[in-house]
1. Probe of 1.4 angstrom, ligands and nucleic acids ignored: what's the accessible area per residue over segment 111-167, in square angstrom?
2. Using only the heavy atoms of the protein chains and a 1.4 Å probe, how would Cys169, Cys82 rank by accessible area, largest first?
3. What is the calculated FRET efficiency for His108 to Ser147, with r their C-beta to C-beta distance and R₀ = 30 Å, to the nearest 0.05?
4. If you add up the charges near Phe123, with Lys and Arg at +1 and Asp and Glu at -1, over every other residue whose beta carbon is less than 15 angstrom from its beta carbon, what do you get?
5. How charged is the neighbourhood of Glu204? Take every other residue with its Cβ under 15 Å from the Cβ of Glu204, and add Lys/Arg as +1 and Asp/Glu as -1.
6. Report the full-extension gain for the segment Asp244 to Met22: residue separation times 0.36 nm, less the Cα-Cα distance, to one decimal in nm.
7. Rounded to the nearest 500, what is the chain's calculated 222 nm mean residue ellipticity when only DSSP H runs of at least 4 contribute -39500 (n - 2.57) each, over all residues?
8. Tally Lys and Arg at +1 and Asp and Glu at -1 over the other residues with C-beta under 14 Å from the C-beta of Tyr101: what net charge comes out?
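The values are calculated or read from the model by the stated rules, or taken from the named source; none is laboratory data. As the structure is a computational prediction, the values presented were derived from the model and not from experiment. In this analysis, Cβ positions are derived from the backbone assuming ideal geometry, glycine residues included, and neighbour counts consider all displayed protein chains. Ligands, DNA and RNA are stripped out before the accessible areas are found, and what is left, the full protein with its side chains, is counted by its heavy atoms. Shrake-Rupley method; radii C 1.70, N 1.55, O 1.52, S 1.80 Å.
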Amino acid sequence: GEKIMKTYLLEEMTWPEIQAAMKNGCDTVVIYAASIEQHGPALPEMTDTILGYAAASDLAKRLGNALAAPLIRPGLSAHHMCFPGSITLRPETFRAVVEDYISAYVHHGFRTIVLASSHGGNFRALEEIAQQQSEQYPHVRIVCGCSLEELDAALAEVEVLEGLPVGTCGGHACDWETSVMMMLNEDYVRREKLQRGHVGALTEELLHCFFEDGVMSVSEIGVMGDPTGADAARGIRYFQYMQDMQEKAVRKHLMEWDKKKCNQHAE
């Protein structure tokens, strides 16, 4: 039968193991960008990094013939800087790091590169970088995962599926993130510090304030949503839902890439 990989994380592998995996057809690398930033009074600053490792590893497994890169962090977190401990990279630094990752993996012979994010602030930049890098490496499939809009729609949809009040999954240190953290490692969550943040629909206007004026303009504790009822069992469902959506988005973008290339050859 097929040998099950011990790990999908490149950084946990030796170079001969990576070389062997590539010889066996492993030609895809999943690059997740995360952050080091405040996640309210109950979750650590490395929350998106922990979530990102779980997501990257799972996505690599789902795609098959794929491995996950070391997580990129910190990320673009200017809107969280009003809270102690948050770090943000300059956009040009972030771009340079992502470009250097891509150039390393292209150099080693990976033919498909997936850029995804476990932190909302990185989405737009990754889309721009993917676009620009695709021009630089026309023979490498460089695609992104789901968009920020798709993620926000997913948050609203799971609330309905789980029978929760609108805004419980506000997208930052909310029921979703806290439940998934509980699923991954209970010890990271300060249960007695769980506190309701801003609860309401994620309107254009609200997201604009969140990103442009900083989180504190919307929530003084830095929480978007209500994590007070968070639950590890629900975390499992959230995680599966998110990963299904992410896999679907990546496969769709890869098909579109192939189609575009086909059409170019036809011309």
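1. Counting only protein heavy atoms, the per-residue value for segment 111-167 is 43 Å².
2. Largest accessible area first, the residues go Cys82, Cys169.
3. Computed FRET efficiency for His108 and Ser147 comes out at 0.60.
4. Summing Lys and Arg as +1 and Asp and Glu as -1 gives -4.
5. Combined, the nearby Lys, Arg, Asp and Glu give -4.
6. Values: separation 222, 0.36 × 222 = 79.92 nm, distance 2.52 nm.
Result for the pair: 77.4 nm of gain on full extension.
7. Details: 8 runs with 127 residues, N = 267.
Value at 222 nm, helices only, nearest 500: -15500 deg cm²/dmol.
8. Summing Lys/Arg as +1 and Asp/Glu as -1 gives -1.
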